[in-house]
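Reviewing the structure listed below.
All of the numbers you see were taken from the coordinates with simple rules; none came from a lab. These numbers come from a predicted model, not from an experiment. Counting neighbours? That spans all protein chains shown, and the Cβs are built from the backbone with ideal geometry, glycine included.
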Amino acid sequence: MRDLAQELGYKRINGAPFTGEEQTDAEQLMLNAVDKGKVPDTGRIATSRKPCEEFRQNGQPAQNCAARIATYTKIRLVGRYGK
């Protein structure tokens, strides 16, 4: 699978260097990698769940990745939760 991913131009990143305060969801890590120039700033992000909801079930603020993704003009949220 890694060979196919490399053939398709995918870049694998290790999450630790891209984890920020309250930024532990995969979408946040990918955007942090974009910000640091480690991956291209053009592409699509698809999630298997609602992307980083605005609020947690307990009413506390959550990571709200969808809002952050929307600020990148060349990155789109696609798939089940895309717009």
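Taking 0.36 nm per residue of separation and subtracting the Cα-Cα distance, full extension of the segment from Glu54 to Asp35 would add 4.7 nm. Taking Gly20, Gly43, Gly59 in turn, the Gaussian network model of the chain (Cα-Cα springs below 10 Å) assigns the largest fluctuation to Gly59.
Between Ile13 and Ala70, the simple label model (points 7 Å from Cα in the Cβ direction) yields a spacing of 2.2 nm.
The alpha-carbon of Lys36 sits under 16 angstrom from the alpha-carbons of these aspartates and glutamates, leaving out residues fewer than 8 places away in its chain: Glu21, Glu27. How high is the relative contact order of the chain? Use alpha-carbon pairs under 8 Å, at least six apart in sequence, and give a whole percent. Over the chain, the number comes to 24 percent. Among Asn32, Asn64, Asn14, the residue with the largest mean-square fluctuation in a Gaussian network model of the chain, with springs joining Cα atoms closer than 10 Å, is Asn14.
Given that compact globular proteins tend to follow 2.2 N^0.38 Å, what is the ratio of the alpha-carbon Rg of the chain to that value?
On the way: Rg = 13.3 Å, N = 83, 2.2 N^0.38 = 11.8 Å.
In units of the globular-protein estimate, the chain measures up at 1.12.
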